[in-house]
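Trainee: Shown below is the structure under consideration.
The values are calculated or read from the model by the stated rules, or taken from the named source; none is laboratory data. None of the values given here were measured: they were computed from a predicted structure. When we count neighbours, we look across all protein chains shown, and the Cβ atoms used for this are built from the backbone with ideal geometry, even at glycine. Note: areas computed on protein heavy atoms with side chains; ligands, DNA, RNA excluded. Shrake-Rupley method; radii C 1.70, N 1.55, O 1.52, S 1.80 Å.
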Amino acid sequence: MLSRGFCRTFGVRSPCARPVASAIKFKACNLLLYASTSSVSPVLTTRDGMANDDAIADLKPVLLWRYFKDLTQIPRPSKHEERVLQYLKDFAAERQLPWQQDAVGNLVIRRPGSGGGEGAPCVVVQGHVDMVCEKEPSLDHNFLTDPLALRRDGDWLKAIGTTLGADNGI
């Protein structure tokens, strides 16, 4: 839920909360993401030798899953969100989207309506950027420095030995 102070600071009205999920099932995914095809996503190797790109291969929409994978490669435990916030600011700047950040680190990126939606009411998509840092006890994983290793398990995308880092579902 967005706080009243946050709403006043960023001029947002009618905040609402949505249910969260701890795993991501992609079989019936039908989402839209504003993005440019100019971003390049590097191939990153996981602990078991499978490329993270292989874990998201053939998932639709392609850009959504590429950006999701990119986010899994940015370590971001609570109180250490600087790198992911910079990633989001760079994302906005590359697309000439205005952004603003308050004193405590809340970041708002604005995208004007288009395709006939220029006068439509504002839609707020809200989430947190820190990650849930849980791992298997036997795994040597440092959430301050190590990216997540992704794998496919049937219709599910999972991290190897850790959480996917989120409690917000797609």
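Trainee: For GLU134, which sequence-distant residues (separation of 5 or more, or a different chain) have an amide H within less than 5 Å of its own amide H, given hydrogens modelled in the peptide plane?
Mentor: Under 5 Å from the amide H of GLU134: THR163.
Trainee: Accessible area of VAL125, 1.4 Å probe, to the nearest 10 Å²?
Mentor: Around 140 Å² of this residue is reachable by solvent.
Trainee: Within segment 55-170, what percent of beta bridges assigned by DSSP are antiparallel, to the nearest 5?
Mentor: About 90 percent, rounded to the nearest 5.
Trainee: Counting heavy atoms of the protein chains only and a 1.4 Å probe, report the per residue accessible area for segment 49-170 as a whole number of Å².
Mentor: 57 Å²
Trainee: Let me ask another. Quickly rank 82-89, 147-154, 117-124 as a protection proxy: mean count of other C-beta atoms within 10 Å, highest first.
Mentor: Taking the mean over residues of other Cβ atoms within 10 Å, the ranking is 147-154, 82-89, 117-124.
Trainee: Additional query: I need the shape label for segment 69-170. Rule: rounded when a/c is under 1.5, else prolate if a/b > b/c, else oblate, with a, b, c from the alpha carbon gyration tensor.
Mentor: prolate
Trainee: Mind scanning LYS135/LYS158; LYS69/LYS158; LYS60/LYS89; LYS60/LYS158; LYS79/LYS135 and naming the pairs with a C-alpha gap bigger than 21 Å?
Mentor: Violating the 21 Å limit, Cα to Cα: LYS60/LYS89.
Trainee: With +1 on each Lys and Arg Cβ and -1 on each Asp and Glu Cβ, how big is the dipole of segment 91-149 about its Cα centre, in debye rounded to the nearest 20?
Mentor: Computed about the Cα centre, the dipole is about 380 debye.
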